[in-house]
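In what follows, a structure is listed as structure tokens, so that the remarks can point back to it.
The values are calculated or read from the model by the stated rules, or taken from the named source; none is laboratory data. All figures in this text were calculated on a predicted structure; none of them were measured in a lab. Don't worry about glycine lacking a Cβ; one is built from the backbone with ideal geometry, like all the others, and counts go over all protein chains shown.
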Amino acid sequence: MIDPSIPHQVRSLPEKPGVYIMRDVRGDVVYIGKARRIRDRVRSYFGSAHSLEPKVRALAETVRTIEHVVTNNEAEALHLEATLVKRYQPIHNVRLKDDKHYPYLKVDVQSPWPRVTITRRVADDGARYFGPYASAGSVRRTLDVVKKLFPWRSCTKEITGTDPRPCLDYYIKRCIAPCTAFCTPEEYAEVIRETILFLEGRSDEVKRHVREEMERASDTLDFERAARLRDQLQAIERVTERQQMATTTPLDADVFALARADDEACVQAFFIRGTVVADTDSFMLDGTQDASDREILSAFLAQFYESATYVPRSVLLSVEPTDREDIEMMLRTRRGSGVEVHVPERGEKRALVATAEENARESLRMHQVRWVADRDKTDAALSLLQEELDLPTRPERIECYDISTIQGTNTVASMVVFKHGQPANQEYRRFRIKTVEGQNDFASMQEVLTRRFKRIADRRRREREPLSSDEQETPEAGEPSPWDAVPDLVIIDGGKGQLGAVLDVMRNLGLRDVPVCGLAKQQEEIFVADVADSIMLPRQSEALYLVQRIRDEAHRFAITYHRQLRGKSSVRSVLDGIPGVGPKRKQALLRKFGSVGGIREASVEEIASTVGFTARLAETVKRSL
């Protein structure tokens, strides 16, 4: 139920661009959004429940306070939204996975003897930053390559030029030894300049400059320095030869493609500098369930470029983001010149995006395979579940159930099965609720569990009360049915209320020995029978990741079936019965006010200002609602 104070808070919001921040009863931030008109956008979350999507309805019921920040325009709002999402990590926002500040490479050019280091914070200190990189592994691989190619110092000692001898790095050609004055400040500065050019993806300039320096050293008979530069040039050429040829014409662009599977999403990035792919990376995202591809990519771009150290001339995408114009404006502001954001349809650019899409799918598949195939992680997850939930055996077979409905229509349920920590897709089942009228998730879950476990209960009853020889059933040949398998753990998507309803079913069926738990989505709390307090699995544990995967899989399976049924049934809007309001005018109203409830709360003047409406028609709409 929506908190009674919400309508008053909504009416007090300004009709200006900015960001709104929604908090729950504990004061935790649950959602952050941006809008051209804050009041109109926020009002759309709290309209008629019949017209709201399940994710919006769930969000609206958790909100207790709404804060806002006014900005000059939507581009500023987009930038602020991305900053706040990265800071607060709200559970209902699409967000970069595990973003505890992505790593960067830092070149402290303000220092007289700069070094290249890894950092997770970008400060306004005059240093040059490169990134963000998706992981510590990505940034360390780049640092390792740069260190092999360019002989800058890696030590932290104070450079005086008076050391008696250089360290080992000098002898293996990893440093030009400013500590012993074996190089001049100008020579060292040139090494740093070449390092920066290489990190910017301008390797052709680096090679040209090193070749010129090598020839100059040779002409002046400085053969030792010429040999060192020759070796460096060959090393740079070997590295750049491994870079993939991207285009036949020079291009300054970032390419992003999205791949999705179940409730997981991955964005693959190609960074094109000149005619080659200078670098690649892949980013996992959280909070993507029920969000469209356009929404996910829009949120990713805002958060990525909010802290990116370089903005190219072009951004090529696999799908057009929802806020393309706002993103372009934000990028133009950061770059200081024009930036084009578009989805190419043909030619070399389209081929680049297609390659990125293929790599995104592969990155997502490998992410899933690495986790599922890691037997040690799976074993650890199952063992921790047994320990934390006090189960009699390790839960080798786990079943999870979820209900999907909108206002009690087309109510369905899903049953997913995981064996040894891996999905057993062939044993998934889906249910269409038959006996429950209207929206009653408790009763719907009771019906599903009764239908699932009645066969096991009947079999046990027969075993306790043997039939006569004439009544003995002949066992059927073939594989046993999944319906005969007794799970080691049953997970219900829900909290105490859902769990209580299911425990009633299990008691009535005489199946008290089947462990059941409820998983509440908001705080990932687990509830079990006869224990008042919830169980919180460690935040970074494999056990929590496993139950989340199982729950999300049940949700995906249920909502997919629900959408199939809903697509076959027509839903009539109350606006359809208003004379003079056709499809276009109805769409204009819903776009502006968000829902029928928002239109009902609007004034006649606000309705009349909608495109296609007159004052008389606005009065008709107001009377009809």
Open item on the list: Just the residues that are among the basic types (K, R) and closer than 20 Å to I296 by Cβ, please, taken from segment 263-280.
Closed with: none
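Let's see how each residue does on (1) among the aromatic types (F, W, Y); (2) surrounded by fewer than 16 Cβ atoms within 10 Å (Cβ to Cβ); (3) within 18 Å of L489 (Cα to Cα):
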| site | (1), (2), (3) |
| --- | --- |
| N410 | no, no, no |
| V417 | no, no, yes |
| E427 | no, no, yes |
| Q439 | no, yes, no |
| M445 | no, no, yes |
| L449 | no, no, yes |
| I456 | no, no, yes |
| R461 | no, yes, no |
- [ ] Could you grab the pairs with beta carbons closer than 6 Å, sequence gap of 6+ or different chains, first residue in segment 441-460 and more than 14 Å from D484 (Cβ to Cβ), second one small (G, A, S)?
- [x] F442/A501; M445/A501; Q446/A501; V448/A413
- [ ] Tell me which residues, restricted to segment 605-625, are surrounded by 15 or more Cβ atoms within 10 Å (Cβ to Cβ) and free of Cβ contacts under 8 Å to residues at least 40 places away in the same chain.
- [x] E606, I607, A608, T610, F613, L617, A618, K622
Task: Test: T160 is among the polar types (S, T, N, Q), buried (at least 16 other Cβ atoms within 10 Å of the Cβ) and over 25 Å from V139 (Cβ atoms) - done: no
Task: Considering residues of segment 515-532 that are among the aliphatic types (A, V, I, L, M), more than 17 Å from A554 (Cβ to Cβ) and out of contact with any strand residue (DSSP E or B) (no Cβ under 6 Å at 6 or more places or on another chain) only, the residue modelled with the highest pLDDT - done: A529
- [ ] Select, from T409, T355, T405, T378, the only residue that is modelled with pLDDT under 85 and not assigned by TED's automatic domain parsing to the domain that holds E542.
- [x] T378
- [ ] Would you mind stating whether Q386 is in contact with an Asp or Glu (Cβ under 9 Å, 6 or more places away or on another chain), free of Cβ contacts under 8 Å to residues at least 24 places away in the same chain and closer than 15 Å to I491 by Cα?
- [x] yes
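Let's see how each residue does on (1) of a type in the set (G, A, S); (2) surrounded by 18 or more Cβ atoms within 10 Å (Cβ to Cβ); (3) out of contact with any His (no Cβ under 7 Å at 6 or more places or on another chain):
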position	(1), (2), (3)
L519	no, yes, yes
E524	no, no, yes
S534	yes, no, yes
T560	no, no, yes
L565	no, no, yes
V574	no, no, yes
G580	yes, no, yes
Task: Single unsatisfied condition, R394 versus (1) part of a helix (DSSP H, G or I); (2) modelled with pLDDT of 90 or more; (3) over 24 Å from the mean Cα position of the chain (by Cα) - done: (1)
Open item on the list: Take the residues in segment 326-348 that are touching a residue at least 40 places away in the same chain (Cβ under 8 Å) and of a type in the set (D, E, K, R); name whichever of them is surrounded by the most Cβ atoms within 10 Å (Cβ to Cβ).
Closed with: D326
- [ ] Would you check if there is a residue in segment 135-152 being farther than 25 Å from Q289 by Cβ, touching a Lys or Arg at 6+ places or on another chain (Cβ under 8 Å) and not basic (K, R)?
- [x] yes
Open item on the list: Out of the residues in segment 528-561 meeting the condition of being in contact with a helix residue (DSSP H, G or I) (Cβ under 9 Å, 6 or more places away or on another chain) and assigned to a helix (DSSP H, G or I), tell me which one is farthest from D488 (Cα to Cα).
Closed with: I559
